[in-house]
Amino acid sequence: MQIFPRLPAEWEPHAATWLAWPHNARDWPSKFAPIRWVYAEIVRHLAESEPVRILIRSQRQEQEVRGLLARAHADLNRVSFFHIPTNRVWTRDYCPAFVQDQNGNVAAVRAGFNGWAKYPDHELDAAVPEKISQALNLDITPMLFQGRPFILEGGAIDSNGKGTLLTTEECLLDQQTQVRNPGLTRADIETTLRQYLGISNVLWLGRGIAGDDTHGHVDDLCRFVNPRTVVLVQEDDPGDDNYEALRENRERLESARLEDGSRPELVPLPMPRPLFFENTRLPASYANFYIGNQVVIVPTFNDPQDRVALGILAELFPNRRVVGVHAVDLVWGFGTLHCLTHEQAAPITTSP
């Protein structure tokens with residue numbers, strides 16, 4: 001039985017996709033210049049089939065972005081700008097969750113945001129949900145546990161829209177490194193996810209991938225592609241830092257059950273060769289794709305596995321265009337396509 005409010009799956013119809021235009025050069029040391037062109041490419045692909053809503057800091061920035069998007073041949077008729085300042089661009093993690101009630105109406109849920117329990121300058125990002133809900137005239141509900149804010153980033157979870165959710169112990173249960181909710185147990189977290197997002201069944205994976213600045217986000221690791229099928233990145237080199245963690249996560253999923261008691265279908269995705277910034281490994285992963293209304297945009301890394309990953313996802317999304325977006329520069333900011341996008345669910349309308 002479906003619980004409401006309900007967190008829709010990413011492949012369900014969008015009213016729009018939200019992005020924040022890049023402005024913090026410190027997030028891409030020595031690589032900031034090409035990032036805006038990567039963004040223009042993302043907007044161009046998404047605007048072919050849905051509205052794109054962009055958070056910008058000023059009227060001057062809006063004019064600059066309009067000109068750049070025009071040069072990139074993006075459909076500006078489907079792009080709108082919201083003057084909402086941000087610290088960083090990772091809208092996946094701080095935008096509100098857009099949920100549906102039993103009548104198909106959409107409302108916003110605001111989780112707490114503490115800068116991934118790592119970055120102190122996050123106050124602008126934390127204020128974004130309220131500002132978006134005001135701009136859209138949507139009701140917004142704060143996500144609480146026993147009266148205190150419940151910290152949750154969008155990249156930490158992935159939903160099949162039927163009540164099952166993927167997440168990792170490393171991210172949500174850690175009590176030492178990057179602590180989101182001090183003292184909360186697995187049962188406390190599951191209760192909160194049920195109350196605010198309609199989640200009846202949580203599939204707990206272990207660790208995320210090496211180089212993940214967020215300490216275990218699931219969207220670099222494992223994703224639903226339909227209500228019964230998940231893709232899980234797989235590392236074939238036993239000497240790689242990801243090998244054991246990904247093997248263990250596959251074993252967990254092989255014994256997991258969906259909300260109806262059935263086993264999920266597992267499809268392996270390859271991993272690209274390791275990418276580094278100086279001596280720091282970067283979270284390069286094909287699992288960080290984004291599902292738009294008619295397109296799936298997939299990060300690519302100038303790697304032989306790019307073609308393999310695109311082929312696998314093309315078979316899994318036969319009714320959408322699957323396109324690669326160059327992410328070698330983008331991943332220097334410790335995130336790629338799914339991290340910087342956030343879907344706004346469309347309301348469900350019924351014919352009279």
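The values are calculated or read from the model by the stated rules, or taken from the named source; none is laboratory data. None of these values were measured; they are calculated from a predicted model. Every residue, glycine among them, receives a Cβ derived from its backbone with ideal geometry; neighbour counts consider all protein chains shown.
Give me a count of the residues in region 20-59 that are closer than 25 Å to ASP101 by Cα and among the hydrophobic types (A, V, I, L, M, F, W, C).
Residues flagged as closer than 25 Å to ASP101 by Cα and among the hydrophobic types (A, V, I, L, M, F, W, C) within region 20-59 amount to 1.
Residues in region 60-83: is at least one under 30 Å from ALA187 (Cα atoms) and touching a residue at least 40 places away in the same chain (Cβ under 8 Å)?
Within region 60-83, the subset under 30 Å from ALA187 (Cα atoms) is none.
No, every residue in region 60-83 fails to be under 30 Å from ALA187 (Cα atoms) and touching a residue at least 40 places away in the same chain (Cβ under 8 Å).
Taking the residues in region 1-23 that are among the aliphatic types (A, V, I, L, M) and outside any strand (DSSP E or B) as candidates, determine which candidate is modelled with the lowest pLDDT.
First, the residues of region 1-23 that are among the aliphatic types (A, V, I, L, M): 1, 3, 7, 9, 15-16, 19-20.
Checking the rest, the ones that are also outside any strand (DSSP E or B) come to 1, 3, 7, 9.
Details: MET1: 69, ILE3: 91, LEU7: 98, ALA9: 98.
Among those residues, the one meeting the criterion is MET1.
Under the condition of being surrounded by 22 or more Cβ atoms within 10 Å (Cβ to Cβ) and among the β-branched types (Val, Ile, Thr), which residue from region 190-223 is nearest to PRO120 (Cα to Cα)?
Residue satisfying both the conditions and the ranking: THR214.
Among the numbered criteria (1) surrounded by 14 or more Cβ atoms within 10 Å (Cβ to Cβ); (2) under 18 Å from ARG207 (Cα atoms), which single criterion is violated by VAL267?
VAL267 satisfies every listed condition except (2).
Against the conditions (1) at pLDDT 95 or above; (2) more than 22 Å from ILE56 (Cβ to Cβ); (3) not polar (S, T, N, Q), where does ASP139 fall short? Just the number, please.
Condition (1) is where ASP139 drops out.
I'm trying to understand the selection: among the residues of region 138-195, which are farther than 22 Å from PRO8 by Cβ, free of Cβ contacts under 8 Å to residues at least 40 places away in the same chain and in a helix (DSSP H, G or I)?
Correct list: ARG186, ALA187.
Looking only at residues in region 275-323 that are among the small types (Gly, Ala, Ser) and surrounded by fewer than 19 Cβ atoms within 10 Å (Cβ to Cβ), which one is nearest to THR91 (Cα to Cα)? Please lay out each step first, then the result.
Restricting attention to region 275-323, the residues satisfying the condition of being among the small types (Gly, Ala, Ser) are 284-285, 287, 292, 309, 311, 314.
Then keep just the ones that are surrounded by fewer than 19 Cβ atoms within 10 Å (Cβ to Cβ); that gives 311, 314.
Numbers: GLY311: 27, ALA314: 25 Å.
So the residue we want is ALA314.
Filtering region 189-236 down to residues that are charged (D, E, K, R) and in contact with a helix residue (DSSP H, G or I) (Cβ under 9 Å, 6 or more places away or on another chain), which residue is farthest from GLY155 (Cα to Cα)? Before you say what the answer is, go through the steps one by one.
Of region 189-236, the ones charged (D, E, K, R) are 190, 194, 207, 212-213, 219-220, 223, 228, 235-236.
Filter again for in contact with a helix residue (DSSP H, G or I) (Cβ under 9 Å, 6 or more places away or on another chain), leaving 207, 212-213, 219-220, 235-236.
Working: ARG207: 14, ASP212: 11, ASP213: 12, ASP219: 5, ASP220: 8, GLU235: 21, ASP236: 25 Å.
Here the residue is ASP236.
Of the conditions (1) closer than 18 Å to CYS222 by Cβ; (2) touching a strand residue (DSSP E or B) at 6+ places or on another chain (Cβ under 6 Å); (3) surrounded by fewer than 19 Cβ atoms within 10 Å (Cβ to Cβ), GLU254 clears all except one; give me its number.
GLU254 satisfies every listed condition except (2).
How about region 60-106: which of its residues are under 22 Å from ASP139 (Cβ atoms) and hydroxyl-bearing (Ser, Thr, Tyr)?
Across region 60-106, the qualifying residues are SER80, THR91, TYR94.
Considering only residues that are under 15 Å from VAL328 (Cβ atoms), out of contact with any strand residue (DSSP E or B) (no Cβ under 7 Å at 6 or more places or on another chain) and not aliphatic (A, V, I, L, M), which ones fall in region 281-314?
Hits for region 281-314 are ARG281, PRO283, PHE301, ASN302, ASP303, PRO304.
Restricting to region 253-269, count the residues that are of a type outside the set (Val, Ile, Thr) and either over 27 Å from GLY161 (Cβ atoms) or touching a helix residue (DSSP H, G or I) at 6+ places or on another chain (Cβ under 7 Å) (or both). If you could, list the steps in order and put the result at the bottom.
Residues of region 253-269 that are of a type outside the set (Val, Ile, Thr), as a first pass: 253-266, 268-269.
Next, from what is left, pick out any that are either over 27 Å from GLY161 (Cβ atoms) or touching a helix residue (DSSP H, G or I) at 6+ places or on another chain (Cβ under 7 Å) (or both): 264, 266, 269.
Residues in region 253-269 being of a type outside the set (Val, Ile, Thr) and either over 27 Å from GLY161 (Cβ atoms) or touching a helix residue (DSSP H, G or I) at 6+ places or on another chain (Cβ under 7 Å) (or both): 3 in total.
Does any residue of region 229-251 turn out to be of a type in the set (A, V, I, L, M, F, W, C) and assigned to a helix (DSSP H, G or I)?
Looking only at region 229-251, we keep the residues that are of a type in the set (A, V, I, L, M, F, W, C), and these are 230-233, 245-246.
Those left that are additionally assigned to a helix (DSSP H, G or I): 245-246.
Yes, region 229-251 contains a residue that is of a type in the set (A, V, I, L, M, F, W, C) and assigned to a helix (DSSP H, G or I).
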